[in-house]
Amino acid sequence: MIDIYYNFNFNHPDGITGSPSSYSAYNNNGLYNFNSKANQFDLNFAKLTLSHSPDPVGFDIDFGFGRTAETINTAFPEDTNGFQYVEQAFIELKPAKAKGFEIDFGKFVTSAGAEVIESYNNWNYSRSLLFTWAIPYYHMGVRTSWPMGKKWTGGFQLVNGWNDVSQTLNSGKTIGAVAALTTTKASWFINYYTGPSNVGTNTGWLNLIDTTLLLTPTGKWSKLNMYLNYDYDHKGNAVAKGPASSWYGIAGDLHEQLNAKWAMAQRFEWFDDPNGADLSLALPPAVAGDMVPQQVKEFTLTFEYKMLEGMLWRLEYRRDWSTYPMFLRGTYPDQTDYCNYNGQDDSGFFCANQEDEDTLVKAPDTGSGLVNRTPLPFPTPSSPGGEFPEILNPRSGQGLYGFSKSQNTLTLAFMAFFGPKR
């Protein structure tokens, strides 16, 4: 399978003023995961699969290269011993007399989510906020699956945690319980994962509830399919009785097969991060890691053209908008802006033109960038709605000039896949 795209971001995210070499670090689509590079051609994913159906023993090995492989394996970048090129690698055991029972050992993609890693198996080209920010990509461990009657399937999983193979955060393990109800007109998938998720301690568990309702009408409505996906995450603090955090969202997608060649999909979703814990690393670099509560929405319209069996073109428009100005617009601030916004330069030293933490010198308006943030520590919400007026409206009164609350992109993608067809 080969997946290539070109993306155009109407915000024109750029590098640091006066630093051409910084362009590649900042020309990104905010909140995206796989097709994250803006205003360029890119290799999203190239994948090669080796597999053997269990009879009773089988295996599956998926090798991956490109932006997708890089993204799903960034949780532990020290995994450079080959794991970064392996999407899945597991052994399957399905005894002939076990009435459909199957057990797998190894690295496998998660059961959670309404979408999957491979673009051509989804209705839209870009992944939803829920897929990107609410669920894991893969697990390392053991999983089981067995039919329970004609319509129900259940399973149990015991894994290292989320997105880790050779290195784990702690000595604990994550437990997964999955169930699926399948009928001719609808399917319902339920996934629950729970386990310790903080570094160096088994205190503070991460709980995920993921459920998807897929509607597949028959008869005159057979060309219309729809799903609803809901995720709820709750993460405990590493300190006993410390404050927990949560994030949650819902997505809906409508897919219409217009004719034998053309299809259209429309997705809308809403995502809430009330504690600012989940999207903290998606914030502008100068404040990345700060706990800024925000709500995000996105709408995606995708047109698909099937050239040949196994060859697809997709044209996609997407709009994201947030309650916080997190999307870079134009050039990222130069060193002067960075210094005044943070109170120290990018090497960690106090700015030369700053006498103390309470005296910030106004940076010149370069036309984009950040200005005068209040000194650390990061302020707590000072309004009932949980907003941060000290950050949205700094003492200069200009706010986060250079960053926008919205982002619009247009993507053209080509996908070719071989083997079993859709």
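Scan region 183-205 for residues that are part of a strand (DSSP E or B) and either polar (S, T, N, Q) or within 12 Å of residue 161 (Cβ to Cβ) (or both) and the total you get is 7.
Quick check on my filter: what residues within region 212-268 are among the charged types (D, E, K, R), touching a strand residue (DSSP E or B) at 6+ places or on another chain (Cβ under 9 Å) and within 20 Å of residue 199 (Cα to Cα)?
Step one: filter region 212-268 for residues among the charged types (D, E, K, R), giving 220, 223, 231, 233, 235, 241, 253, 256, 261, 267.
The next check asks that each one be touching a strand residue (DSSP E or B) at 6+ places or on another chain (Cβ under 9 Å); those that pass are 223, 231, 233, 235, 253, 256, 261, 267.
Selection gives 233, 235.
Scanning region 1-15 for residues that are closer than 24 Å to residue 87 by Cα and modelled with pLDDT under 95 returns a single hit, 1. With respect to being in contact with a Phe, Trp or Tyr (Cβ under 7 Å, 6 or more places away or on another chain), under 30 Å from residue 303 (Cα atoms), of a type outside the set (Phe, Trp, Tyr) and not in a strand (DSSP E or B), residue 100 falls outside the description.
Taking the condition modelled with pLDDT of 80 or more and surrounded by fewer than 22 Cβ atoms within 10 Å (Cβ to Cβ), does residue 307 pass? Taking the combined requirement at face value, the residue satisfies it.
Could you please find all residues in region 108-145 being among the hydroxyl-bearing types (Ser, Thr, Tyr) and in a loop (DSSP other than H, G, I, E, B)?
Our first condition is that a residue be among the hydroxyl-bearing types (Ser, Thr, Tyr); within region 108-145, this holds for 110-111, 119-120, 125-126, 128, 132, 137-138, 144-145.
Of everything in region 108-145, those that are among the hydroxyl-bearing types (Ser, Thr, Tyr) and in a loop (DSSP other than H, G, I, E, B) turn out to be 110, 111, 125, 126, 128, 137.
Among the residues of region 84-116 satisfying the criterion of being in contact (Cβ under 8 Å) with a residue 40 or more places away in the chain and in contact with a Gly (Cβ under 8 Å, 6 or more places away or on another chain), which is farthest from residue 167 (Cα to Cα)? Taking the candidates together, the pick is 94. What is the number of the single condition among (1) without any contact (Cβ under 8 Å) to a residue 24 or more places away in the chain; (2) over 27 Å from the mean Cα position of the chain (by Cα) that residue 146 does not meet? Exception for residue 146: condition (1). Among residues of region 64-94 being modelled with pLDDT of 95 or more and surrounded by fewer than 17 Cβ atoms within 10 Å (Cβ to Cβ), the one that is nearest to residue 145 (Cα to Cα) is 93.
Would you confirm whether or not region 30-41 contains a residue that is in contact with a Gly (Cβ under 7 Å, 6 or more places away or on another chain) and either at pLDDT below 95 or surrounded by 19 or more Cβ atoms within 10 Å (Cβ to Cβ) (or both)? No: region 30-41 contains no residue that is in contact with a Gly (Cβ under 7 Å, 6 or more places away or on another chain) and either at pLDDT below 95 or surrounded by 19 or more Cβ atoms within 10 Å (Cβ to Cβ) (or both).
Across region 134-141, not a single residue is classified as more than 15 Å from the chain's Cα centre (by Cα) and either under 16 Å from residue 32 (Cβ atoms) or of a type in the set (Val, Ile, Thr) (or both).
Take the conditions (1) in a strand (DSSP E or B); (2) free of Cβ contacts under 8 Å to residues at least 40 places away in the same chain; (3) over 16 Å from the mean Cα position of the chain (by Cα); residue 268 misses just one of them, which is (3).
Is it the case that residue 276 is out of contact with any Phe, Trp or Tyr (no Cβ under 6 Å at 6 or more places or on another chain) and of a type in the set (Gly, Ala, Ser)? For residue 276, the condition - out of contact with any Phe, Trp or Tyr (no Cβ under 6 Å at 6 or more places or on another chain) and of a type in the set (Gly, Ala, Ser) - is met. Looking only at region 213-234, filter to residues that are of a type in the set (S, T, N, Q) and in a strand (DSSP E or B); which one of those is surrounded by the fewest Cβ atoms within 10 Å (Cβ to Cβ)? Looking at residues that are of a type in the set (S, T, N, Q) and in a strand (DSSP E or B), I get 225. All of (1) within 21 Å of the chain's Cα centre (by Cα); (2) part of a strand (DSSP E or B) hold for residue 255 with one exception: (1). Are any of the residues in region 266-289 assigned by TED's automatic domain parsing to the domain that holds residue 228 and farther than 29 Å from residue 25 by Cα? Taking every residue of region 266-289 in turn, at least one turns out to be assigned by TED's automatic domain parsing to the domain that holds residue 228 and farther than 29 Å from residue 25 by Cα. Checking each residue in region 330-351 for being buried (at least 21 other Cβ atoms within 10 Å of the Cβ) and at pLDDT 50 or above picks out 331, 332, 333.
Quick one: is residue 108 surrounded by 19 or more Cβ atoms within 10 Å (Cβ to Cβ), assigned by TED's automatic domain parsing to the domain that holds residue 249 and not acidic (Asp, Glu)? Outline the logic, then answer.
Working: surrounded by 19 or more Cβ atoms within 10 Å (Cβ to Cβ): yes; assigned by TED's automatic domain parsing to the domain that holds residue 249: yes; not acidic (Asp, Glu): yes.
Yes.
The values are calculated or read from the model by the stated rules, or taken from the named source; none is laboratory data. Keep in mind the model is a prediction, meaning the values are calculated, not measured. Glycine gets a Cβ as well: all are built from the backbone with ideal geometry, and neighbour counts include every protein chain shown.
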